[in-house]
1. On a 31 Å Cα-Cα criterion, which of the cross-link pairs K254/K363; K81/K252; K241/K363; K176/K363; K164/K252; K252/K363 come out too long?
2. Based on the alpha-carbon gyration tensor of the range 534-609, what equivalent-ellipsoid semi-axes (square roots of 5 times the eigenvalues) come out, in whole Å, largest first?
3. How many angstrom separate the Cα center of the range 247-275 from the Cα center of the range 118-194?
4. Amide H neighbours of C174 under 5 Å, counting only residues 5+ apart in sequence or on other chains, H built in-plane at 1.01 Å?
5. State the three equivalent ellipsoid semi-axes of the range 20-72, derived from the C-alpha gyration tensor as the square roots of 5 times its eigenvalues, in descending order and whole Å.
6. List the trypsin sites (Lys or Arg not before Pro) within the range 549-601 that DSSP assigns to loop and that have no more than 11 neighbouring Cβ atoms inside 10 Å.
7. Computing the accessible area with a 1.4 Å probe over protein heavy atoms, can you report the carbon and sulfur percentage for the range 493-606?
8. Project the alpha carbons of the range 477-530 onto their principal axes and report the range along each, largest first, in whole Å.
Amino acid sequence: MTDATTSTGLRPFGLSLDPLEGESLTGFALRLAHRLHISPHELARLTGLTEQDRLGRARASLSTLLTPAEINRFATTTRLKPREIRAMTLEPLASRYPPAARSLDDVRAGKVYSMHTDGWLFATTARYCPRCLAGDGSDIQNAHGGPWQILWRLPVVFACPLHKVFLEHLCPHCHKPINYSSRTQLFPRPAATGVHPAHCRSSTTQDVPTSRPGAPCGAPLSHDPLHHHRPGPALLALQNKIIGLLRPGRPKRKAQQYFTELILLASLVMISWPRIQAIGTTRQLAAAVDRHLAIHEGTDSRPYRSNAAPVDALACAGILQVTDRILAADDLHEALSSLAPEENRTRSGIPPTRHLIWDNSFKKHRSGCSERFQLAADTIVPTFRRTGKGGLRLPSTGVGLRPEHVPACLPQALAERHLHFLSDITPKMRRRSASVFLVRRARGGGLNEAAQLLGINTPDKMIGYTRLLNRHLRTRGTARDFEQALDAITVELLAGPVIDYERRREALATWTLEPENWQHILAQLPVLTSRRKPISDDRRRLAVSAYIWTRVTEGEPDFAPCPPHIAHDPDLRWAWNRQRHNVFHWLRRADDQPYYRALKPLLDAHAEQLAKAIDCDFSR
């Protein structure tokens with residue numbers, strides 16, 4: 001030890017301790033200080049843990065990460081190996097538990113007091129198992145107590161699998177949190193000497209923690225837990241699953257994704273409680289969640305703005321049990337869609353601020369989730385992703401449908417099957433709106449850009465596919481139904497032959513029915529017996545061209561392109577437009593007119609041949 005002593009300037013203790021399995025740095029230091037009959041503050045000074053703080057304190061961030069120099073000094077004085085010291089910090093857990101990784105990043109960046117702001121990582125040990133602190137019956141643990149586990153800093157650890165009890169966070173004597181007087185320091189009441197490591201160090205004379213707290217409580221924490229503090233088999237299985245993911249030997253990526261999704265979804269469960277309370281949650285756990293949320297709601301009208309985990313282990317267990325069951329659902333999309341659907345989409349919920357917080361959290365941590373969770377959660381997040389702050393809207397992930405595969409006017413059969421609940425909106429507008437929203441899903445950007453891609457150019461389009469539709473969805477509470485309808489329509493469009501409608505629109509942008517083909521069609525029509533003149537003039541040929549265009553492109557008659565050679569002549573354009581309306585009118589009523597009844601299938605057949613020719617030419 002001579003060389004080590006020289007290099008650090010510190011002297012090894014004559015007595016030390018072996019670290020207990022899973023023990024935290026705080027717990028080890030409390031036990032060693034008790035054995036050496038000195039205060040935790042004095043131990044921190046002698047081991048070099050106070051050297052980096054200008055006030056001479058042992059910071060709470062030391063239990064998260066120690067620098068190589070700090071590890072070297074602590075190893076020198078305590079006669080431990082560096083790997084034993086590193087194991088007492090959060091560093092080994094960072095590769096599996098994302099909040100721990102973010103805390104390490106904060107400490108490395110010098111934000112030594114910000115690591116507790118994540119909400120799913122306690123700044124210091126906040127819970128404990130009374131039976132673990134009582135020790136295993138050995139002489140050393142009888143004298144100085146059992147281990148304060150490093151895992152107790154993780155809110156997802158709510159029970160002790162060894163003793164099958166819920167963790168506790170209050171002293172059974174003073175009823176204060178065990179970390180009541182330690183928010184930025186490694187130890188509660190660091191200057192107090194002679195307090196047993198398994199006894200409460202919270203102040204008994206201060207209602208609010210200050211820099212000068214009163215005497216420590218000193219009551220034993222190693223009491224016998226009450227009978228109702230025992231988790232059932234389902235909760236113990238969940239706790240074992242969580243702890244198993246934190247252990248070495250399991251895939252790190254899987255653990256990272258699970259905890260990211262668990263934490264995100266737990267926040268959404270708290271927002272949606274008690275409506276989301278799942279079948280199977282015990283009355284005791286549900287009551288604990290109710291108490292937690294009621295405490296944070298308070299008596300005023302301010303919204304509950306926190307996504308942080310409850311410090312109460314029963315409340316946290318209740319929330320995590322519901323969350324884990326949702327994550328395990330066969331249809332995750334359906335399971336997530338029930339979580340605050342209307343409030344999250346329309347901002348009409350009470351209070352909407354909760355959903356804004358969750359949306360921002362999901363956007364921030366989305367990349368850390370599995371693809372399955374991303375695809376399912378994207379549908380309940382109204383604050384869509386952008387290229388940057390104030391940037392363009394990005395396409396929705398996992399859509400599978402490209403913008404060019406969306407018809408400009410949704411086929412009537414699809415609309416009737418999936419959009420029947422939009423009864424207050426005209427059939428034409430609901431078909432147009434669905435297509436515009438499908439394109440925006442696929443390409444991102446805004447609704448106007450989506451409409452422009454489809455060739456929809458009408459001054460009142462905003463009234464049609466945005467304001468009118470959104471108002472209807474908001475007032476009728478059918479936003480979720482509309483999203484599910486778009487999902488179903490997408491599946492059907494992808495199930496059939498995928499058609500490039502944009503290619504068809506481009507091919508027919510200046511197209512008109514060739515005169516010889518028109519004459520060929522006329523030759524197949526019956527001879528009129530009435531006084532009505534046959535459809536043979538050029539104006540009607542151009543009008544019929546618009547009908548064929550709608551059949552090939554699945555577009556609306558109102559947006560059929562005007563033939564280029566008359567587009568700049570107002571009189572000719574007006575005459576063509578009028579003739580076009582007349583032709584469409586009579587073709588819709590073809591059953592009443594023998595002539596149009598014969599004409600319509602001929603036009604449909606020509607449209608089918610033209611569509612095949614365009615698609616075949618494109619595929620070459």
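The values are calculated or read from the model by the stated rules, or taken from the named source; none is laboratory data. Values in this document were obtained by computation on a predicted structure and should not be read as measured data. No Cβ is skipped: glycine too gets one built from the backbone with ideal geometry, and neighbour counts run over all protein chains shown. Remember, those area values only see protein heavy atoms, side chains included, never the ligands or the DNA or RNA. Shrake-Rupley method; radii C 1.70, N 1.55, O 1.52, S 1.80 Å.
1. With Cα atoms farther than 31 Å apart: K176/K363.
2. 21, 14, 11
3. 24
4. Amide H neighbours of C174, under 5 Å, 5+ apart: none.
5. Semi-axis lengths for the range 20-72 are 17, 15, 9 Å.
6. Sites meeting the loop and neighbour criteria: R589.
7. The C+S portion of the solvent-accessible surface of the range 493-606 is 51 percent.
8. The Cα atoms of the range 477-530 stretch 55, 31, 21 Å along their principal axes.
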